[in-house]
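Scroll down for the structure; my scribbles are underneath it.
The values are calculated or read from the model by the stated rules, or taken from the named source; none is laboratory data. All figures in this text were calculated on a predicted structure; none of them were measured in a lab. Cβ coordinates were reconstructed from backbone atoms using ideal geometry, including for glycine residues, and neighbour counts include every protein chain displayed. Remember, those area values only see protein heavy atoms, side chains included, never the ligands or the DNA or RNA. Shrake-Rupley method; radii C 1.70, N 1.55, O 1.52, S 1.80 Å.
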Amino acid sequence: VGDLFTADVTFRALDGGGSFDEESYYLPRGVMTVVDVTDDALFCVLPDEKSNSFTVALSRLRSRVAAIIGVMTEGGYGIAEAVFTGIRSSMDPASYRDFKYIGAAHLLAVSGQHFSIIIGGLEVLLRRAMLHRTARNAALITASVLYMGLTGFSSTVLRAGIMMILYLASYFFRREPDSVTSLFLSVTTITIFSPASIFDAALLLSFSAMLGCLVARGLFLRGF
């Protein structure tokens with residue numbers, strides 16, 4: 001991550017047909033075109049030059065955290081790294097195949113549920129440490145931003161993260177948090193900065209599921 005290289009390449013449009021639909025896969029990720037290396041002999045990594053952008057720094061951090069988790073959970077077949085950071089490269093192929101076979105492969109994709117569990121667990125620890133709510137909310141907002149970056153700002157984590165930040169920030173503005181408003185604000189913010197995310201099935205499913213939960217919760221509470 002962060003290596004700079006030169007190559008002789010050819011630009012081409014995304015392919016919408018075939019066995020792999022590039023348009024459906026890449027457009028939601030903000031990729032508009034493809035570059036093919038035309039001659040491997042002309043590919044050259046520049047060893048003395050590195051990219052030090054914010055995105056690269058976060059990618060390096062993800063790799064380091066995944067490596068640490070991998071050492072801590074030795075023999076865990078890479079499941080912990082996948083759940084906490086979204087990196088599945090170290091997963092045992094047989095283990096990943098089993099997850100797909102039982103229809104539970106989505107559990108390995110970092111989602112809003114993972115985010116809520118981790119931030120919620122951190123809040124429990126801060127409460128037990130008797131930290132004042134102002135300091136606790138500030139720490140949780142910081143942790144939310146860091147975890148969003150750690151997971152590569154995936155759309156589902158962004159949705160949950162922005163909702164969490166709005167919920168925590170409402171304390172500082174002395175306002176009652178509104179989950180439905182927070183949900184729409186989070187998705188609106190994501191689509192403003194990444195218009196192609198409206199094609200992202202993961203974001204659409206995350207938004208629809210969360211909206212369904214909020215509506216059902218309202219109906220349930222009114223019923224009782």
Task: Value of Rg/Rh across region 168-212 [Cα atoms, Kirkwood radius] - done: 1.06
Task: Mean accessible surface per residue for region 28-153, computed with a 1.4 Å probe while every protein chain stays in place, in Å² - done: 64 Å²
Open item on the list: List the residues, sorted by chain then number, that are 5 or more residues from VAL9 or on another chain and whose placed amide H is less than 5 Å from its amide H.
Closed with: THR38
- [ ] Per residue of region 29-41, in order, report the coupling 6.51 cos²θ - 1.76 cosθ + 1.60 (Karplus, θ = phi - 60°) as ³J(HN,Hα) in whole Hz, putting x for Gly and Pro.
- [x] 9, x, 9, 9, 8, 10, 10, 9, 6, 7, 8, 4, 5
Task: Cα-based convex hull, region 107-224, per residue volume (Å³, whole number) - done: 130 Å³
Open item on the list: Please compute the contact order of region 165-224 in relative form: average sequence separation of alpha-carbon pairs under 8 Å and at least six residues apart, divided by the residue count, as a percent.
Closed with: 27 percent
TODO: For HIS114, HIS132, write out the residues from largest to smallest accessible area, computed with a 1.4 angstrom probe and no ligands counted.
DONE: HIS132, HIS114
Open item on the list: For the chain, what does the helix formula give at 222 nm: sum of -39500 (n - 2.57) over DSSP H segments with n ≥ 4, over the residue count, nearest 500 deg cm²/dmol?
Closed with: -19000 deg cm²/dmol
- [ ] Send over the semi-axes of the chain's equivalent ellipsoid, whole angstrom and largest first, taken as the square roots of 5 times the C-alpha gyration tensor eigenvalues.
- [x] 35, 23, 20
Open item on the list: Please check: in the Gaussian network model of the chain (C-alpha springs, under 10 Å), which one of THR189, THR151, THR33 has the largest mean-square fluctuation.
Closed with: THR33
Task: Whole-Hz couplings from phi, Karplus 6.51/-1.76/1.60, listed for region 155-160; x for Gly and Pro - done: 4, 5, 5, 4, 4, 5
Task: Three principal axis lengths of region 1-55 [C-alpha, angstrom, descending] - done: 40, 31, 15
Open item on the list: Less than 15 Å Cβ to Cβ from PHE207, Lys/Arg counted +1 and Asp/Glu -1: what total charge do the surrounding residues give?
Closed with: 0
TODO: Please report the Cα spread of region 1-134 along all three principal axes, rounded to whole Å, starting with the longest.
DONE: 60, 42, 32
TODO: Over the chain, calculate the relative contact order: mean separation of alpha carbon pairs under 8 Å at least 6 apart, over the residue count, as a percent.
DONE: 17 percent
Task: Karplus (6.51, -1.76, 1.60) ³J(HN,Hα), θ = phi - 60°, over region 166-172, in Hz, Gly and Pro reported as x - done: 5, 4, 5, 5, 4, 5, 5
Open item on the list: Which of VAL34, VAL45, VAL187 ends up with the largest GNM mean-square fluctuation for the chain, with Cα atoms connected below 10 Å?
Closed with: VAL45
Task: Accessible area of the chain belonging to carbon and sulfur atoms, whole % at 1.4 Å probe - done: 64 percent
Task: GNM flexibility winner over the chain from ALA129, ALA202, ALA67 (Cα, springs under 10 Å) - done: ALA129
Open item on the list: Using Cα-Cα distances under 8 Å and only pairs 6 or more residues apart, what relative contact order does region 1-117 have, in percent?
Closed with: 22 percent
